[in-house]
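Working notes for the structure below.
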Amino acid sequence: MSSSLSDVTILVPGPIHPRVLARLGETFDLCRIERGDPALADAALRGKVRGIASLTAVNAAFIDAFPGLEIVANFGVGYDAIDARHAATRDVMVTNTPDVLTEEVADTAIALLLSTLRETTKAENWLRAGDWVAKGPYPLTRGTLRGRTVGIIGLGRIGKAIARRLEGFGVAIAYHNRSPVDDVAYAYHASPVDLAKAVDTIISVAPGGAATAGMVGTEFLAALGPDGVFINIGRGSTVNEEALAKALADGTILAAGLDVFSAEPKVPQGLLDAANATLFPHIGSASIHTRNAMADLCADNLVSWFSGKGPMTPVPETKAINRKR
Ligand code: NAP
């Protein structure tokens, strides 16, 4: 084991928050490459890397390129871009940044919900374009939160924080997870489609990955119905975006509010064309305050690990891995 953290080489593939770079640079031997591509790492680098900090994809081949790799610290709570299952087979720890972003993302989800229902972006544009003077008051909105039942897909840390806020708005709440949650009284539904049938508003905060890919598609949107509103603050990969654009265009649902997309930063033309879609550029956690807290937790996981204290926030797939080297 290295006697000093400055002897430990940490690799950052691709861009990451500047505070992560500053923290790692002052503590470790920091190396950078353009992206998580094994071809970009020469033999010397492959031989010395013991930790990776990443915002971008870290796949199995990249993990395998570094024989001495002990830990991958993901910047963000969603770690679907990291092959954590493969890392576990190699006894490589994976950490993420839970909790420190929960309240910020829940705030953003509520902003997106209300913007979508009450058309606040379009209403402000109406004012700025001079339409208030030229044409009169902004038209009354068909959308309202009043009387709605909101279903949450992914009642975890962020989902529960959204639900707590919704309680204050006086709406009924239901949810879907793979398993019911013990400590809530909200109605549980065993599938996303069952939940969509039971409510008129969905907020999805489900993680990405194979298990949720395309979960929101034609059947789900038909079940949500013509007064239905779909909000996505989880991952773009959970949505069949073509089916969603069609449902928005033909009135299958009333409106959608989206913070995440499957091929960011590209947004499908069908969604850009939808006047009944409110589109945010993945700003769920994007305040200076919260991104700094995420940067610190990402770096602190590496410091803790290489100080022999174990990971601070391991992901479930690698929780059982102990410090072995
Ligand atoms: P979390 O505490 O792990 O909650 C995830 C929830 O999703 C759990 O309740 C889990 O319950 C449920 N879930 C997992 N797999 C599922 C599946 N296949 N089908 C249905 N439900 C499933 O995570 P979190 O901290 O709340 O974060 C949730 C997600 O939010 C992240 O993974 C990330 O993708 C997204 N996020 C987005 C932003 C943004 O900027 N827009 C910011 C932060 C996070 P079960 O295990 O019982 O299924």
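The values are calculated or read from the model by the stated rules, or taken from the named source; none is laboratory data. Note that the structure is a prediction, hence the values are computed from the model and not measured. Positions of Cβ are generated from backbone atoms using ideal geometry, with glycine treated the same way; all protein chains shown enter the neighbour counts. The accessibility values were calculated without ligands, DNA or RNA, using every heavy atom of the protein model including side chains. Shrake-Rupley method; radii C 1.70, N 1.55, O 1.52, S 1.80 Å.
Can you pull out every residue in segment 186-216 that is open to solvent by 60 Å² or more (accessible area, probe 1.4 Å), more than 11 Å from the ligand (Cβ to nearest atom) and either under 25 Å from H282 (Cβ atoms) or not basic (K, R) (or both)?
Passing the criteria: only D194.
Taking L224 as meeting all but one of (1) under 22 Å from the mean Cα position of the chain (by Cα); (2) under 30 Å from A196 (Cβ atoms), write down the number of the exception.
So the condition that L224 fails would be (1).
Of the numbered conditions (1) touching an Asp or Glu at 6+ places or on another chain (Cβ under 7 Å); (2) open to solvent by 40 Å² or more (accessible area, probe 1.4 Å); (3) in contact (Cβ under 8 Å) with a residue 24 or more places away in the chain, T9 fails exactly one; give the number of that condition.
Condition (2) is where T9 drops out.
May I ask you to say which residue of D107, D80 is within 30 Å of G151 (Cα to Cα) and assigned to a loop (DSSP other than H, G, I, E, B)?
On inspection, the qualifying residue turns out to be D80.
Scan segment 57-75 residue by residue and report those that are open to solvent by 10 Å² or more (accessible area, probe 1.4 Å) and either closer than 18 Å to F28 by Cα or out of contact with any Pro (no Cβ under 6 Å at 6 or more places or on another chain) (or both).
Passing the criteria: A57, N59, A60, D64, P67, G68, F75.
Looking only at segment 174-185, which residues are within 14 Å of the ligand (Cβ to nearest atom) and farther than 17 Å from T212 by Cβ? Walk me through how you get there before you give the answer.
Let us first name the residues in segment 174-185 that are within 14 Å of the ligand (Cβ to nearest atom), namely 174-184.
Answer for segment 174-185, where residues must be within 14 Å of the ligand (Cβ to nearest atom) and farther than 17 Å from T212 by Cβ: A174, P180, V181, D182, D183, V184.
May I ask you to list the residues in segment 99-117 that are of a type outside the set (G, A, S), farther than 16 Å from H289 by Cβ and touching a helix residue (DSSP H, G or I) at 6+ places or on another chain (Cβ under 6 Å)?
Result: I110, single match.
Collect the residues in segment 283-316 that are among the basic types (K, R) and over 20 Å from I110 (Cβ atoms), keeping them in residue-number order.
Here is the first cut: in segment 283-316, the ones among the basic types (K, R) are 291, 309.
Within segment 283-316, just K309 meets the criteria.
Yes or no: T95 within 17 Å of the chain's Cα centre (by Cα), within 16 Å of the ligand (Cβ to nearest atom), in contact (Cβ under 8 Å) with a residue 60 or more places away in the chain and open to solvent by less than 20 Å² (accessible area, probe 1.4 Å)?
Yes: the conditions hold for T95.
If you scan segment 133-171, which residues turn out to be within 16 Å of the ligand (Cβ to nearest atom), assigned to a loop (DSSP other than H, G, I, E, B) and open to solvent by 30 Å² or more (accessible area, probe 1.4 Å)? Lay out the reasoning, then the answer.
Kept after step one, since they are within 16 Å of the ligand (Cβ to nearest atom), are these residues of segment 133-171: 150-166.
When the remaining residues are screened for being assigned to a loop (DSSP other than H, G, I, E, B), the result is 154-156.
Correct list: G156 only.
Take the residues in segment 244-270 that are crowded, with 21+ Cβ neighbours inside 10 Å and among the β-branched types (V, I, T); name whichever of them is nearest to N177 (Cα to Cα).
V260
Which of the residues belonging to segment 272-325 are open to solvent by 10 Å² or more (accessible area, probe 1.4 Å), among the β-branched types (V, I, T) and farther than 12 Å from T95 by Cβ?
T278, I283, I288
Return the residue satisfying two criteria in turn: it lies in segment 223-243 and is open to solvent by less than 30 Å² (accessible area, probe 1.4 Å) and within 17 Å of L117 (Cβ to Cβ), and of such residues it is farthest from the ligand (Cβ to nearest atom).
Across segment 223-243, the extreme among qualifying residues is G225.
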